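Q: Sharing a structure with you now.
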Amino acid sequence: MECRAWASRTAAAAGTRDVDGPLAGLAFAAKDSYDVLLAAGANLAGKAAMSELAYDFTGQNCHYGAPLNPAAPGHMTGGSSSGCAALVAAGEVAFSLGGDTAGSVRVPASFCGVYCCRPSHGRISVDGSVPLAPSFDTAGWFARDAELLADVGRALLAGSAAAAADEFGSSWSLLVPEDALALCDASVASAFDSEMMGEHSVALLEAAGVALRRAAVADASTGELASWAAVFGTLHSKEVGECLGPWFCGPTRPVVSAPIARRMKSAGLVTGAAVKAAQQQADAIVARLTSLLGNSTVLLMPTTPFPAPLLGSDLESQPADVGRLMALTSIASLAGLPQVSMPLLKPEGGPPVGVSIIGPRGSDEALLALAEKLSTVVLGPPTAALNGVHFTPPVCADMLPPGLDDPQVWRLRFIVQSRLAPGRTMQDHADNLKDHHLYLEDLRARGLLQFMGPFLTPEAHDCGDGMFCLRAGSLDQAAAIAAQNPFHRRGIRVFTLRPWLEKILD
């Protein structure tokens, strides 16, 4: 039975709308700061874990833990849209919806080896999301290939104010910012030069259509590129203080981690004079980028200056590295430009690093089309991911399609969702967390654990690693396995099971 037809049948049987639209039958996840309303036919599988208050580059969260990085085990996912990137990298959803202010989509895409797009500021409504710094907040999305990234873009960008059809053509000049490369680790700069400027340079030029050249992105009017991080940091902090300050300093007195508390305190200390000076420099930066890009030039550069750091690394104690990272992400953030990151580099055979194209404001659709061309040049035509299509309607045994017992066609999985039992606290959860992780490691060793953690389901009110997915042959078998979880045996948490049916793509 054809996968999307089956999705329609199960949705109808469950009393939900029929599945239709360009993304019909595809499961996606959304960052936990979003109230998702997407009418293109995709299935919302869950809300994804994120960095605390979306105010962190690492993807770590002291309250809920850090998602695993499938592309670089033992390394950070990057943040703040950490769970979104991890799920796409693991193949557990076809695409995911995040948000990007200072790099919250671009950094995890680079670290997790997936595609992403940060659109032009204002092209996609962020109504329903939690604001952080409205002058810079954008939506953003992840996918495992450039073709699907463009499909999702068409659905999200449809109906928004686009540039005139003839404003941006199909031929582009590629400009490599020398000052951006200078801020990268030597291994990243070397890999970029070898792959983009060496092995694939002729093909990239043919795909783009006009020219491939090097130049500095900054000039005397803007100050050197490294200084752009401080400009963005000042303006960003000022707006974070305005958006979150009243809540943070108000009567609720929220409990946050020490790094977040320090950032919030600093945000409240930004002076009017500092903001005025930063805004003047930002205006010069916008003018420079507008002139440099015109209507026919895109920047081609590494997305991040280094690969994913090891889990547990303290980036806050390395301000020079944070500054290099923010300098690169500030280019699109300060000028509201669209940026697409593609997983094209693996410096020294290690963790991935993205390669970005940054286009003129409003060139989103043209930039996504260019990304498809460039990706094909470097990686070849896209191939279907093994776990590329997932269905998450409420399925029952008598609704399963023919061929479910064929492991080459269908897979049945069970999501175990749990929440604290009445009368229990997160301290009870923390006291039993070690045993819970030992249980998960045992399941992994026995081949029963599909994945753990990286997102919240829409119904969940707390996480605490309380969500994982089992390989099991029946609902009864899955329930028996889940009942052995120490949290569940000891009455710390109560659980429910949700079927997860996926079709394996050819």
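Q: Return the total of residues in the range 190-202 being touching a residue at least 40 places away in the same chain (Cβ under 8 Å) and either within 13 Å of LEU300 (Cβ to Cβ) or surrounded by fewer than 13 Cβ atoms within 10 Å (Cβ to Cβ) (or both).
A: Total satisfying the criteria: 4.
Q: Tell me, please, whether a residue that is over 27 Å from ASN69 (Cβ atoms) and without any contact (Cβ under 8 Å) to a residue 24 or more places away in the chain can be found in the range 341-349.
A: No; the residues of the range 341-349 include none that is over 27 Å from ASN69 (Cβ atoms) and without any contact (Cβ under 8 Å) to a residue 24 or more places away in the chain.
Q: Hey, can you tell me all the residues within the range 182-212 that are farther than 13 Å from PRO347 by Cβ and of a type in the set (A, V, I, L, M, F, W, C)?
A: Hits for the range 182-212 are ALA182, LEU183, MET197, VAL202, ALA203, LEU204, LEU205, ALA207, ALA208, VAL210, ALA211, LEU212.
Q: Restricting the range 125-143 to residues that are among the β-branched types (Val, Ile, Thr) and out of contact with any His (no Cβ under 6 Å at 6 or more places or on another chain), which is least open to solvent (accessible area, probe 1.4 Å)?
A: So the residue we want is VAL126.
Q: Quick check on my filter: what residues within the range 284-317 are of a type outside the set (A, V, I, L, M, F, W, C), surrounded by 13 or more Cβ atoms within 10 Å (Cβ to Cβ) and modelled with pLDDT of 90 or more?
A: ARG288, THR290, ASN295, SER296, THR297, PRO302, THR303, THR304, PRO305, PRO307, PRO309
Q: Collect the residues in the range 103-135 that are farther than 20 Å from HIS236 by Cα and among the hydroxyl-bearing types (Ser, Thr, Tyr), keeping them in residue-number order.
A: Selection gives SER110, TYR115.
Q: Residue check, PRO251 against (1) open to solvent by 30 Å² or more (accessible area, probe 1.4 Å); (2) modelled with pLDDT under 95; (3) part of a helix (DSSP H, G or I), all met but one. Which one?
A: All conditions pass for PRO251, except number (3).
Q: Let me ask something additional. Can you pull out every residue in the range 293-304 that is under 7 Å from LEU175 (Cβ atoms) and in a helix (DSSP H, G or I)?
A: none
Q: Please name all residue pairs, on different chains or six or more residues apart, with Cβ atoms under 7 Å, provided the first residue is in the range 321-339 and is surrounded by 24 or more Cβ atoms within 10 Å (Cβ to Cβ) and the second residue is part of a helix (DSSP H, G or I) and basic (Lys, Arg).
A: Sorted first by the residue in the range 321-339, then by its partner, the pairs are THR329/ARG106; GLN339/ARG106.
Q: For MET264, which of the numbered conditions (1) open to solvent by less than 20 Å² (accessible area, probe 1.4 Å); (2) at pLDDT 95 or above fails to hold?
A: Unmet condition: (2).
Q: Please give the number of the condition LYS238 fails out of (1) open to solvent by 60 Å² or more (accessible area, probe 1.4 Å); (2) outside any helix (DSSP H, G or I); (3) out of contact with any strand residue (DSSP E or B) (no Cβ under 6 Å at 6 or more places or on another chain).
A: Of (1) open to solvent by 60 Å² or more (accessible area, probe 1.4 Å); (2) outside any helix (DSSP H, G or I); (3) out of contact with any strand residue (DSSP E or B) (no Cβ under 6 Å at 6 or more places or on another chain), only one is false for LYS238: (2).
Q: Let me ask something else. Across the range 62-106, what is the total count of residues that are in contact with a strand residue (DSSP E or B) (Cβ under 6 Å, 6 or more places away or on another chain), small (Gly, Ala, Ser), under 11 Å from ALA49 (Cα atoms) and at pLDDT 90 or above?
A: The number of residues fulfilling the criteria is 2.
Q: Suppose we filter the range 325-378 for residues that are among the small types (Gly, Ala, Ser) and in contact with a strand residue (DSSP E or B) (Cβ under 6 Å, 6 or more places away or on another chain); how many remain?
A: The number of residues fulfilling the criteria is 7.
Q: Against the definition (in contact with a Leu (Cβ under 8 Å, 6 or more places away or on another chain) and either open to solvent by 30 Å² or more (accessible area, probe 1.4 Å) or in contact (Cβ under 8 Å) with a residue 24 or more places away in the chain (or both)), how does LEU157 come out, yes or no?
A: no
Q: Residue by residue through the range 346-376, note down the ones that are open to solvent by less than 10 Å² (accessible area, probe 1.4 Å) and β-branched (Val, Ile, Thr).
A: VAL353, VAL355, ILE357, ILE358
The values are calculated or read from the model by the stated rules, or taken from the named source; none is laboratory data. Computed from a prediction, not measured in an experiment: that's the story for all the values here. No Cβ is skipped: glycine too gets one built from the backbone with ideal geometry, and neighbour counts run over all protein chains shown. Side chains included, ligands, DNA and RNA excluded: accessible areas come from the protein's heavy atoms. Shrake-Rupley method; radii C 1.70, N 1.55, O 1.52, S 1.80 Å.
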